[in-house]
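K.L.:
Handing you a structure now.
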Amino acid sequence: MSLKECPGCAIDVDKNEDVCPICGYDFPEQSKSFKYAVWLLIVLMLLWLLF
Ligand SMILES: [Zn+2]
């Protein structure tokens, strides 16, 4: 298990955590923006299929 330091409370948290369990700091993960990009693509596909 790898750790990363939370900038909000300086506590080491699991690298897989998206949000710090101590202070609720939202880590800017690349996988997160990738998820948004996938959702955007799905929505665009649905719109394209409907019209
Ligand atoms: Zn924190």
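K.L.:
Looking at (1) hydroxyl-bearing (Ser, Thr, Tyr); (2) more than 9 Å from the ligand (Cβ to nearest atom); (3) modelled with pLDDT of 90 or more, which is the only condition Tyr25 fails?
P.N.:
(2)
Conditions tested, residue by residue: (1) assigned to a helix (DSSP H, G or I); (2) of a type outside the set (Lys, Arg); (3) surrounded by 10 or more Cβ atoms within 10 Å (Cβ to Cβ).
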| residue | (1), (2), (3) |
| --- | --- |
| Lys4 | no, no, yes |
| Cys9 | no, yes, yes |
| Val13 | no, yes, yes |
| Glu17 | no, yes, yes |
| Gly24 | no, yes, yes |
| Lys35 | yes, no, yes |
| Leu40 | yes, yes, yes |
| Leu47 | yes, yes, no |
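The values are calculated or read from the model by the stated rules, or taken from the named source; none is laboratory data. What you are looking at is a predicted structure, and each value in this text was computed from that prediction instead of being measured. Ideal geometry is used to build each Cβ from the backbone, glycine not excepted, and the neighbour counts take in all protein chains shown.
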